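For reference, the structure is listed below as structure tokens.
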Amino acid sequence: MTESWMTDSLIAKAKKYSLLIRSDLAEVLGITEYKVRELRRELRRELAREYENSHNDDPFLAVYDLETTGLKADFGRLLCGSILSYPSGKITTYRIDQNMGGSLNNDGQLAVAIRDEVERHWISCGYFSKGFDVSFLQTRLILNDERKIEPGLHIDPMWFYKGWRGMKLRSSSMKVVAKVLGLDEQKMDVPDAVWQAAQKETIGTSAHTEAMDMIVDRCESDARVTLNIMKHCLGNRLMKNIQTYP
């Protein structure tokens with residue numbers, strides 16, 4: 001039950017200016033910062049209620065991962081992207097060698113397919129996504145004259161293992177976090193020769209397909225590991241809120 005001061009018009013205005021920091025939102029709404037905090041909690045509860053009233057196969061959370069030819073998006077290209085839809089558990093993977101341009105120099109169609117699948121969900125999640133996946137995908141979209149990703153609720157669980165927000169481990173890398181947490185599925189290693197084959201072999205050849213198959217396995221595995229790490233964050237109350245990004 002909402003507090004009496006939480007009127008429909010106030011809630012609607014809070015949603016409209018949701019990107020503002022707490023102090024600025026308090027000034028816009030004409031309420032205290034404490035009430036802003038309570039109002040945002042109510043909005044999160046409202047979101048949870050809406051989801052509980054929906055079907056379990058609705059695309060609620062998209063946990064996604066990218067595999068690329070390099071870390072810099074002006075030179076690097078997309079190889080594949082895997083999107084794990086929660087709670088259904090379905091994984092959708094798009095790859096450069098399957099009706100996605102047919103060339104490493106033409107990854108625009110692949111970028112659009114990944115973007116559209118992620119945007120189908122209410123919330124997105126990725127490991128170190130704020131440091132890599134989101135900006136890489138944005139860059140490839142823009143350089144291919146395509147629309148960038150729309151801002152939405154986003155979770156990057158890596159930040160809860162860097163010490164200042166949650167746990168302090170020797171490293172916040174997915175490999176170390178998964179090992180320390182004792183997850184059933186661990187970070188998958190891919191030999192250098194496989195990455196080289198994916199970039200140098202001609203698309204459509206058996207050598208390229210075999211390399212891509214292994215890279216896709218790794219991409220889908222990373223999405224599953226990310227989901228399990230996020231569940232650990234939630235189970236141990238490391239995550240206090242969800243922010244809009246990018």
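Starting from the eigenvalues of the Cα gyration tensor, five times each then square-rooted, give me the equivalent ellipsoid semi-axes of the stretch 8-52, largest first, whole Å.
19, 10, 9
Suppose every Lys and Arg Cβ carries +1 and every Asp and Glu Cβ carries -1, with no other charges. What dipole size does the stretch 8-52 come out with about its Cα centre, to the nearest 20 debye?
The dipole magnitude comes to about 80 debye.
Residues with beta-carbon under 13 Å from that of Arg237, excluding Arg237: net charge, scoring Lys, Arg +1 and Asp, Glu -1?
Local net charge: +3.
Write down the Å³ per residue value for the convex hull defined by the alpha carbon atoms of the stretch 165-246.
132 Å³
Taking the number of other C-beta atoms within 10 Å as the exposure measure, put Arg237, Arg77, Arg22 in order starting with the fewest.
Taking fewest neighbouring Cβ atoms as first place, the list is Arg237, Arg22, Arg77.
Distances over 27 Å make up what percent of all Cα-Cα pairs in the chain?
Counting pairs separated by more than 27 Å, the tail of P(r) holds 43 percent.
Can you pick out the pairs among Lys162/Lys231; Lys13/Lys231; Lys35/Lys240; Lys90/Lys187; Lys72/Lys162; Lys90/Lys148 whose Cα atoms lie more than 22 Å from each other?
Checking Cα-Cα distances, Lys13/Lys231; Lys72/Lys162; Lys90/Lys148 exceed 22 Å.
Just order 215-226, 7-18, 30-41 by mean Cβ neighbour count inside 10 Å, highest at the front, would you?
Packing proxy ranking, top to bottom: 215-226, 30-41, 7-18.
Once you have the Cα-Cα distance between Trp5 and Thr69, take 0.36 nm times their residue separation minus that, and quote the gain in nm to one decimal.
Full-extension gain reported as 17.7 nm.
For the stretch 44-154, report the % of Cα-Cα distances exceeding 22 Å.
That fraction is 31 percent.
FYI, it's all coordinate maths here, none of it is from the lab. Quantities reported herein were computed from a predicted structural model and do not represent experimental measurements. In this analysis, Cβ positions are derived from the backbone assuming ideal geometry, glycine residues included, and neighbour counts consider all displayed protein chains.
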